[in-house]
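Have a look at the structure below before the remarks.
The values are calculated or read from the model by the stated rules, or taken from the named source; none is laboratory data. Predicted, not measured: the structure shown is a model, and the values here were computed from it. Here the Cβ positions follow ideal geometry from the backbone for every residue, glycine too, while neighbour counts run over all protein chains shown. Note: areas computed on protein heavy atoms with side chains; ligands, DNA, RNA excluded. Shrake-Rupley method; radii C 1.70, N 1.55, O 1.52, S 1.80 Å.
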Amino acid sequence: MVRVKHRYILFEIIYPPMNNNNSNKASPIDSEEVTQFTSSERNALLALHRASPSNINHKTILHAIRKSLQEHYGDFGSGSAGMLMTLKYFSNKTSTGIIRCGRGQFETIVAAMSLVTKIEDQNITFNCVHVSGTIKKCEEFSIKRSRELMRRIDGPRGKSLTM
């Protein structure tokens, strides 16, 4: 019997700075907010990596990715890629999650994730951080990446934090 091999996709949800006015379209942020956003790396990181609201959960994330698969890859792409896809972990506090999918379809799912721009009327961007064959390696990479992000945010305030 042949074993089905999986891939685990570590992703984060990033919230780009946009003004949500009363119309259906989001307008770009004004110059004062741009100045504040670009004034330091710390401000930019804090603005992008914020906690997810409670209406963004396992169900809404999977629905958005499956809808993107259907729109961009049709019935065949949606059926083959979405069949084995499950969301194994998602944290609203860190906006980080892990998706399990088939080994042959992970590129299609990553591409569909990158095409999602909205979940529950929130402007978002999926950032695929790491792909691995085991969930343990994704967890280890997530911990390492979170420590690096915290180091960059809590670093010396007066110095430039370039990598």
Which of ARG3, ARG50 is most accessible, then next, and so on - probe 1.4 Å
ARG3, ARG50
For THR94 and ARG66, calculate 0.36 nm times their separation in residues minus their Cα-Cα distance, and state this gained length in nm to one decimal.
7.8 nm
So the FRET efficiency between THR117 and MET1, C-beta based with R0 = 35 Å and rounded to 0.05, is 0.25
So, taking all protein chains as they sit and a 1.4 Å probe, how much accessible area belongs to LYS144, in Å² rounded to tens?
140 Å²
Put LEU115, LEU149 in order of accessible area, largest first, probe 1.4 Å, and you get LEU115, LEU149
Rounded to the nearest 10 Å², what accessible area does GLU120 show when all protein chains are kept and the probe is 1.4 Å?
100 Å²
Using a 1.4 Å probe and counting only protein heavy atoms, arrange VAL116, VAL4, VAL110 so the residue with the most accessible area comes first.
VAL4, VAL110, VAL116
With every protein chain left in place and a probe of 1.4 Å, what is the accessible surface of THR94, to the nearest 10 Å²?
80 Å²
